[in-house]
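Structure record follows, encoded as structure tokens.
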Amino acid sequence: MEPIARHVKAATPLPAMKGRKLDIAIVGGGLAGGLIALALHRARPDLAVQLLEGSGSPGGNRRWNWFASDLSSQGAALLAPFRKAEWDAGYDVRFPGLSRHLATPCRSLSSADFAAALARELPEGAIRPRAAAAMLDARSVTLESGETIGARAVIDCRGIAHPAGLTGGWQVFMGRRIRTPAPHGVEHPVIMDVRGGEPEASGFVTVLPLGAHGLFIKDTCYTNSPSPDRPALSRRIDAYCREQGWDGEILGHETGALPVVTGGDLAAFQAAHRVDGVAVAGMRGGFFHPLTGNSLPMAVETALAIAEDADLPGSQLAALMDARARRHWQAARFYRRMARMLFDAGDCRVFERFHRLPEPLIERFHAGRSTRLDRLRVLCGRPLAGRRAPVERSAAA
């Protein structure tokens, strides 16, 4: 595989920066930070914007999945430059008593393709790798090297640092990419397969076909701890591949954890991450689906919103993002309730009834746009009720 670092241009000064500070410094080159940088460049190429990433390149080692119905037309346009896997014919779900194909188109983006597109689309020097931040304030970023970078506005996109205020648990996962010697024959993504879950672990498997010989298999478990049990997850993937009759060369792994939020105090969470006058975006700002953990749709819409208000002083941009996070928290109340019901049930097979519901309702659920009628229809049948969970509620961080 081609090293990701090759895609990152050298961090030479932007022509627009000579003799003055940055307009906007974005700290953290993950999904949220990279999309904000791209949206700003497309909307306001006159601004001096720099993406400060602590590692060698943006994006880390991740694969982001979403449904086409998650995004507005403007959001889809923002993602157009990225090379991604696309399945316009929809996806499958599998449960002990249900196998269903849904027609909603699916998308998937690897961090390598994310980094490559940012390097191609952004100006020379706009991405600054190996620039870990030691301290932020409203007008500057001080790097671990001791260098201070001035900016009219600073946006913090570094990810969740502390669990303060949130209750719930985690989705921990391991993904494995393999190349099979013969065509694998998988036509559609399998977004959720819980046919043979182990009794001691509540989880599911996701399978993405990446060409005739390529597969991405991800095992996800709901737990109290954000630390993946890598050997256990790897064994589960091994067992699933044997069950499916798949063998082949392992091309890479990824592991991670996404918060599942059942409740808490947003103000306390914000206070744990707040620096006066610094805008907070991405997972660190609370912009993710409380039940699925998916942050891509909100990262896209947040990036577009920031680009629309790119001339705001840093303090006003920070206040704007705080207010946006509060609105999202209020709107996501239904999904936090569903997350509590999932943990009470303790078994992903409880999603089986949910996936019998009409497809437009399922689309709106994933997009975080459930209507009042949707909520009533989901809750009246208690689709997330079942046996008592082995998972106890804990702080999500």
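Residue 346 meets each of the listed conditions (1) surrounded by fewer than 21 Cβ atoms within 10 Å (Cβ to Cβ); (2) modelled with pLDDT of 95 or more; (3) of a type in the set (Gly, Ala, Ser) apart from (2). Any idea which residue in the range 125-155 is surrounded by the fewest Cβ atoms within 10 Å (Cβ to Cβ), counting only those that are out of contact with any Leu (no Cβ under 7 Å at 6 or more places or on another chain) and not in a strand (DSSP E or B)? So, considering only residues that are out of contact with any Leu (no Cβ under 7 Å at 6 or more places or on another chain) and not in a strand (DSSP E or B), the one surrounded by the fewest Cβ atoms within 10 Å (Cβ to Cβ) is 146. Restricting the range 19-39 to residues that are within 11 Å of residue 151 (Cα to Cα) and modelled with pLDDT under 95, the residue that is surrounded by the most Cβ atoms within 10 Å (Cβ to Cβ) is 21. Residue-level analysis places residue 299 outside the set of residues that are aliphatic (A, V, I, L, M), within 25 Å of residue 265 (Cα to Cα) and modelled with pLDDT under 95.
Against the test of being under 14 Å from residue 170 (Cβ atoms) and either free of Cβ contacts under 8 Å to residues at least 24 places away in the same chain or surrounded by 18 or more Cβ atoms within 10 Å (Cβ to Cβ) (or both), the options 304, 291 yield a single qualifying residue, 291.
Among residues of the range 93-115 being of a type in the set (Ser, Thr, Tyr) and part of a strand (DSSP E or B), the one that is farthest from the chain's Cα centre (by Cα) is 99.
Pairing residues of the range 310-328 that are over 13 Å from residue 274 (Cα atoms) with residues that are part of a helix (DSSP H, G or I) and at pLDDT 95 or above, at Cβ distances under 6 Å and at least 6 apart in sequence or on separate chains, gives 310/40. The single condition among (1) surrounded by 19 or more Cβ atoms within 10 Å (Cβ to Cβ); (2) among the basic types (Lys, Arg); (3) under 23 Å from residue 69 (Cα atoms) that residue 327 does not satisfy is (1). All conditions but one from (1) more than 25 Å from residue 104 (Cβ to Cβ); (2) surrounded by fewer than 19 Cβ atoms within 10 Å (Cβ to Cβ); (3) among the charged types (D, E, K, R) apply to residue 236; the one that does not is (2). Against the numbered list (1) buried (at least 18 other Cβ atoms within 10 Å of the Cβ); (2) at pLDDT below 95; (3) in contact with an Asp or Glu (Cβ under 9 Å, 6 or more places away or on another chain), residue 259 comes up short only at (3). None of 286, 282 is closer than 20 Å to residue 141 by Cβ and either in contact with a Ser or Thr (Cβ under 7 Å, 6 or more places away or on another chain) or at pLDDT 95 or above (or both) except 282. For the range 349-376, name all the residues that are closer than 18 Å to residue 293 by Cα and charged (D, E, K, R). Of everything in the range 349-376, those that are closer than 18 Å to residue 293 by Cα and charged (D, E, K, R) turn out to be 363, 364, 369.
Here residue 227 meets each of (1) assigned to a strand (DSSP E or B); (2) at pLDDT below 95; (3) not β-branched (Val, Ile, Thr) with one exception, condition (1).
With the condition kept exactly as written, say whether any residue in the range 3-11 is β-branched (Val, Ile, Thr) and modelled with pLDDT under 95. Yes: the range 3-11 contains one or more residues that are β-branched (Val, Ile, Thr) and modelled with pLDDT under 95. In summary, residue 158 fulfils each of the numbered conditions (1) in a loop (DSSP other than H, G, I, E, B); (2) surrounded by fewer than 21 Cβ atoms within 10 Å (Cβ to Cβ); (3) of a type in the set (Lys, Arg) with the single exception of condition (2).
Evaluating residue 93 against the criteria (1) surrounded by fewer than 20 Cβ atoms within 10 Å (Cβ to Cβ); (2) over 29 Å from residue 313 (Cα atoms) leaves one unmet condition, (1). Residues that are assigned to a strand (DSSP E or B) and more than 23 Å from residue 346 (Cα to Cα) within the range 199-224 comprise 208, 209, 214, 215, 216, listed in sequence order.
The values are calculated or read from the model by the stated rules, or taken from the named source; none is laboratory data. Everything numeric here is computed off the predicted structure, so don't read it as measured data. We place every Cβ from the backbone using ideal geometry, glycine too, and count neighbours over all the protein chains shown.
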